[in-house]
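The values are calculated or read from the model by the stated rules, or taken from the named source; none is laboratory data. The structure displayed is predicted, hence computed values, not measured ones. A quick note on method: Cβ atoms are made from the backbone with ideal geometry, for glycine too, and the neighbour counts reach across all protein chains shown. Just so you know, the surface numbers come from the protein's heavy atoms only, side chains and all, with ligands and any DNA or RNA stripped out. Shrake-Rupley method; radii C 1.70, N 1.55, O 1.52, S 1.80 Å.
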Amino acid sequence: MEGAGPGDTGNGDGEPVVVCTMENKPIVTWAGDQNVFYAVFPILTQQLPREPMEWRRAYGRAPKMIHLESHFVQFKEELLPKEGNKALLTFPFLHIYWTDCCDTEVYKAATKDDITKWQNALRAHSTTDWLIVVVESEAKKKNKTNILPRTSIADKIRSDFCNKQSDRCMVLVDPLKDTSRSQESWSLFLAKLRTLLLTSFTRNLGHFEDEMRTLREKRTEPGWSFCDYFMVQEELAFVFEMLQQFEDALVQYDELDALFSQYVLNFGAGDGANWLSSFCQPVRSWDGLALRKPIDMEKRDLIQRRQANLLELRSYLFSRQCTLLLFLQRPWEVANRALELLHNCVQELKLLEVSVPPGALDCWVFLSCLEVLQRIEGCCERAQIEANVCHTVGLWSYATEKLQSLGSLCGLVCEKGPCSEDLQRTVDLLAGLGAERAETANTAHSPYKKLQEALSSEEAFEKHYLELCHATIEMYNSIGRSRSAKLVGKDLADFYMKKSCPQKAEPFLQSALSMYQSEGWELPLTHTRKQLAECQRQLGQTEPYLRTCSLLAADVNLSQEERQLFCQEILKFAAKNSGSTESLVCLPLGSFAQLTSLSFEPPNAVVHVGGSLTMELTLLSLMPEPLQLDHISGHFHYNLDRNSYRKTAEWLTRHKPASGTIFFQAEGPLGARGTSPTPELSEMHEKSPSEGGLVSAGVICRNVHVLLRPPDSQSSSSLDRQTSVTVKEGANTLKCHNVTLQPGLNHLTFHTQAQESGTYTLRQLVASIGEVQLKLPHIYPIVQYDVYTQDPQLKVEPQSECLLAGIPQSVKFTVTTGHYTIKTGDTLQLSNTESMPILLGAGTTAAIYRNSQGEASERSLSIQRSEKVTSICLPPTPPYHILEFELDVVCLLPEAGHLLNGELPRRGRDQPDALSSNTTEQRVTVDCPWSIYSTIISLSFQLPLRAQHTLLSSGTRKYIQVCVENTCEFQFQLSESSLSSTRDLKFRPLHRAGSQDLQSQQCLFFIWEVTWCPDLPPSLPCHFSVSFYPVPSPNPCGHLQPFTYLFHLEHFYTLYTVRAEISPPPDAQFCKTGALCSLEVCITRLCDSLENDKEETLTDCNGYSSAQLFYQVADGGSNWAVCGRSSGVVMMPVKEGACHTLHMEVMPLFAGFLPYPDVRLFRYLPHHSHSQQLDADSWIENDSVSVEDPCELGSGRAQSRGLISPGATGASVEHKGLPMPRLQPFHPGQISNGSLGRQILVVPSTDDHVLEVNVT
């Protein structure tokens, strides 16, 4: 009660009044001394809400800080709550008794009885929330003489009434004075008052919520009423609003909204509640939402009396939600909720089957939209509204839609104007609006006035409707919702068409059409095209109208009759005979027929000059009836490549599809864009130009220009765009006349004869029907055929992967005639070579092909051979054919003298070793009849076998082993192997005689023992020969040339024998690990001085020449430790039987059968330029010797260059140029090691070590 005094109760008869506004405050009653209360009332109401209190609620809800205010009323027993009363707004939460008694007699005589009566009334109503306030005044104490000396009135009251709750009695000391004691007492009193008030409020609110939940749980019982429950939960919302907890208050209304919506949905599903029948009553008023007042008491009374219909309940509920949302400063949520509410109400009326007059719901929605928009505009600034258009544009669009529906219903849209029935309907709708509300009566542009004015005349309706449409379109475009803007524009186009203004409707229809095409909406697209066709017909736009008719005639979403109707429109225009080229209308061919596939004959689409080409088109006619075409032509673009003379038919065929058929992807239905284009991805690798390694790898998109095409360019189909490509008639045009296109697939065939070489690309397809020209301006994928002219060519290639020397091989000759005609008598002249004769066979034939895949014809081939040339008489062959025949050739193996150690001799340093050693090249000169120049053909032959030799020794006995390796992929059989020499030598074979098979990449070994006469030859020249032939042999090979191998052996005689003996210590039977053993090395000379070994002698000793030998004992397996000197130089007389013995000590490192240490011998060659003979041991101490290659020494290369070891460079500086000795290894077979492969038993030594073991 705003403005009421502390003692007012709200009305004259004492009944409490519920004031449902946010000005409500918790009620607190006062009793006792009225003057005392009125004296402190101003200060109390001012100080109480100053400090906030923490409000803790049950069920784990978050605490909140609130400011408590109270409405003080005088205590009356009628204010106390009665049984069953659930009203919280009229509930007194605290009762306070005020007294300033300071006299004991007065307290006993009157005050005590009054307090007792007051408490008895509270106990009668089970009220425990009370407080007694004693106001003490120093002035009164001075005037009274009978004041209790020890106890005060407050203590007496606590003793009489507050035995267990002493804090229920508070003392205010001089409340009207500004003293510290007074302020302290005020502070204690206010804190206690806030605590008691909040405690009482929380407890009673909790009881109320429990009772409300109990009532909600009884909703399934008969007799439960939603209206009664609505009033109870709204009471809770009022309490939260009273405490300014608007969020909690909004939650209560949202729960009521959700509960009612669920019941409506259940009703629609067949599970209805009885109380819903009161909301199914017919709608008699549709005045829209009322949002100007915080509480619509009229609708609230209807709900309380259970007389409200669905729209009234929804209107009241949303008005309360709107008020709370505006208190929370969330106006945009109001707009979003309002749009949802309006749509839901329309559906709920249908679910509940509520009777609504035609147009009434449209009026209610229209008024509600404008009411919400004006309510938001009233509490927001203009800049805020423009920045949040996205929240309100939905209401604008919905209001526009409903106004259009009202205009159509009331006859305000049609061209003839409203009839009498329309006028009567308008009067009924305006009557249902009732009188305008008082809060909007003085508003110039209220929703009520706008609707009333819009329904008053056609001009007013058009004005308001256009304003709403343009405003909505502008808002949608400003927030980027172009699709919604185009939908509103389409509705505007319908309005203009009904008003006979097609020129204004066309741009909106075109915009909507492009949207439907880009998004693939088939049915809306068809409907919009029909509207556009009618618009274009009224505007007299012939070409656009015929283009739209062609699309509609091909539209499968229309009936057959409608399609035929639009097709006839085109045929009627085509039948006109104006005779002027300017009257021709160009339409896209794709709207009449779709190109599905195209094939060429020949399939590779490559023909020579003068050849014939056939092109077959497959067209899918989309028309509902046959079309008689005057002609259909394909226009080709001719391109002459400067390098076309180099391109053969095979090269051109390589870039063509294998089947020769090209398939085309059809556009979506009606030209609408279907699925998005698929990205064409390729791998990308980037390599470093300097290092050549991979730097990065990635993926690139080859059709990014298609994927990133702007939406506007994608949305418009090629069928709707008029092409500006001109049609060029010329020699590069293929044409068919009098063609009938039946509905479905049609096959058309074009024939042409190639005239000029080049590339012909199909650019356009053009068809003609009277005055209508159909054009397909762009064709993708690219369709083209190539015409080539080719010079004659000769190609010679082997039939197998590689040609083998020594074996007959087949060579294929391929003659591509090109533009040349082979006449009778034309021959190929092949030069004869001694190393590669041509084998002539009987009945040689040649095959003639039209192309590489065509059928062949056999012709006989005449071959004549003379001393120098071989003439091949070619059969007559027409141009652009292929002539093939085969000849057998054999490459003779090189003679024995031409092979060095089984390989071809190297002719140059630049030739690779593998090529020079394994292959031989043969060249043949060919003279062709079509050229004055000779053609040189080079053929490479691989040697099938490769041989290696090895010298084996056993003492002085010598053996020669020859290894033959098969280097090719064929299997050979070897026989008749032999080894011979020009010297007086004898070779005794030790291998198996007879034929043996040699597999691919395998080796076969032959071995002979060599004996000679008493005169030892200085060298052994040997000649190896073996016969071979392939297994199995595909053709009879006759007698093949045997494989030969020539080699020489030098320094092959055994000069020295080396024998080592190891002896255990004298006191032991076996060698033991770690014990020193004796090693005795015996070197024996087996022959006297030889002619080729004279250079090794250095000194004469007792009439004999002596040689210096360098010995070295080494153990490669680390089994022995050589103690002392392991190498040295010995003087050996060059005499048969000379012997030298060396002694040294070795220690075995492991037990078991150990191999003997390796004993090596070298020739020790001091420097001959030094005049003084040096001690041999000094050279060893220097450790600066070089080891020469015996092969190089034998060839004389070592003498021509100074061989110095890597360590010799430093030694030369240290010894100031002293000459360095050299070590020359012996040739294989000159040293016989008698200890090679021997082993000796070594036993382990006794282990006397103590092993300590710790056990824990």
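Considering only segment 1175-1191, I want to know if a residue exists there that is of a type in the set (Phe, Trp, Tyr), out of contact with any Ser or Thr (no Cβ under 9 Å at 6 or more places or on another chain), at pLDDT 90 or above and assigned by TED's automatic domain parsing to the domain that holds Gly1117.
For segment 1175-1191, residues of a type in the set (Phe, Trp, Tyr), out of contact with any Ser or Thr (no Cβ under 9 Å at 6 or more places or on another chain), at pLDDT 90 or above and assigned by TED's automatic domain parsing to the domain that holds Gly1117: absent.
Filter the helices (runs of 4 or more DSSP H) completely within segment 496-596 down to those with at least 1 residues that are more than 30 Å from His470 (Cβ to Cβ).
542-553, 560-574
Looking at segment 249-270, I want the residues that are closer than 17 Å to Leu341 by Cβ and have a partner that is of a type outside the set (S, T, N, Q) and outside any helix (DSSP H, G or I) with Cβ atoms under 6 Å, at least 6 apart or on another chain. Which pairs are those?
Qualifying pairs under 6 Å: Tyr263/Ala273.
Could you list all residues from segment 755-770 that are closer than 20 Å to Cys736 by Cβ and open to solvent by 10 Å² or more (accessible area, probe 1.4 Å)?
Gln755, Tyr760, Thr761, Arg763, Gln764, Ser768, Ile769, Gly770
If you check Leu176 against the conditions, is it of a type in the set (A, V, I, L, M), assigned by TED's automatic domain parsing to the domain that holds Tyr38 and surrounded by 13 or more Cβ atoms within 10 Å (Cβ to Cβ)?
For Leu176, the condition - of a type in the set (A, V, I, L, M), assigned by TED's automatic domain parsing to the domain that holds Tyr38 and surrounded by 13 or more Cβ atoms within 10 Å (Cβ to Cβ) - is not met.
Which condition does Arg213 not pass, out of (1) under 30 Å from Ser278 (Cα atoms); (2) in contact with a Phe, Trp or Tyr (Cβ under 9 Å, 6 or more places away or on another chain), if it passes all the others?
(2)
Got at least one residue in segment 1054-1061 being in contact with a helix residue (DSSP H, G or I) (Cβ under 9 Å, 6 or more places away or on another chain) and open to solvent by less than 60 Å² (accessible area, probe 1.4 Å)?
yes
Residue-wise test of (1) open to solvent by 40 Å² or more (accessible area, probe 1.4 Å); (2) touching a residue at least 60 places away in the same chain (Cβ under 8 Å); (3) within 23 Å of Phe461 (Cβ to Cβ).
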{"site": "Ser478", "(1), (2), (3)": "yes, yes, no"}
{"site": "Leu487", "(1), (2), (3)": "yes, no, yes"}
{"site": "Phe495", "(1), (2), (3)": "no, yes, yes"}
{"site": "Gln510", "(1), (2), (3)": "yes, no, no"}
{"site": "Thr528", "(1), (2), (3)": "no, no, no"}
{"site": "Cys535", "(1), (2), (3)": "no, no, yes"}
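Only residues in segment 215-233 that are touching a residue at least 60 places away in the same chain (Cβ under 8 Å) and within 22 Å of Asp248 (Cβ to Cβ) count as the first member; pair them with residues that are open to solvent by 30 Å² or more (accessible area, probe 1.4 Å) and polar (S, T, N, Q), Cβ under 6 angstrom, at least 6 apart or cross-chain, and list the lot.
Qualifying pairs under 6 Å: Met231/Gln304.
Do we find that Tyr780 is within 44 Å of the chain's Cα centre (by Cα) and more than 22 Å from Val739 (Cα to Cα) in this structure?
yes
Among Thr950, Thr935, which is closer than 30 Å to Asp1088 by Cβ, β-branched (Val, Ile, Thr) and surrounded by fewer than 17 Cβ atoms within 10 Å (Cβ to Cβ)? Give the steps one after another, and end with the answer.
Details: Thr935 fails: closer than 30 Å to Asp1088 by Cβ.
The unique qualifying residue is Thr950.
Restrict the check to segment 250-259 and report whether at least one residue is more than 22 Å from Thr202 (Cα to Cα) and not aliphatic (A, V, I, L, M).
Yes, segment 250-259 has at least one match.
Please go through segment 434-462 and pick out each residue that is open to solvent by less than 40 Å² (accessible area, probe 1.4 Å) and assigned to a helix (DSSP H, G or I).
Thr440, Pro447, Leu451, Ala454, Ala460, Phe461 - these are the residues of segment 434-462 that are open to solvent by less than 40 Å² (accessible area, probe 1.4 Å) and assigned to a helix (DSSP H, G or I).
Restricting attention to segment 765-824, report how many residues are charged (D, E, K, R), in a loop (DSSP other than H, G, I, E, B) and at pLDDT 85 or above.
Looking only at that region, the number is 2.
Against the definition (open to solvent by 40 Å² or more (accessible area, probe 1.4 Å), modelled with pLDDT of 90 or more and in the same structural domain as Ala767 (by TED's automatic domain parsing)), how does Leu598 come out, yes or no?
No, not satisfied.
Just to verify a result, which residue in segment 412-433, among those that are among the charged types (D, E, K, R) and in contact with a helix residue (DSSP H, G or I) (Cβ under 9 Å, 6 or more places away or on another chain), is surrounded by the most Cβ atoms within 10 Å (Cβ to Cβ)?
Arg425
Can you find even one residue in segment 209-228 that is of a type in the set (Ser, Thr, Tyr), touching a strand residue (DSSP E or B) at 6+ places or on another chain (Cβ under 9 Å), exposed (fewer than 15 other Cβ atoms within 10 Å of the Cβ) and not in a strand (DSSP E or B)?
No - not one qualifying residue is present in segment 209-228.
Taking segment 370-411 only, how many residues are assigned to a helix (DSSP H, G or I), open to solvent by 30 Å² or more (accessible area, probe 1.4 Å), without any contact (Cβ under 8 Å) to a residue 60 or more places away in the chain and more than 21 Å from Glu462 (Cα to Cα)?
Matching residues across segment 370-411 total 9.
Among the residues of segment 472-482, is there at least one that is among the β-branched types (Val, Ile, Thr) and in a helix (DSSP H, G or I)?
So far as segment 472-482 goes, yes, one or more of its residues are among the β-branched types (Val, Ile, Thr) and in a helix (DSSP H, G or I).
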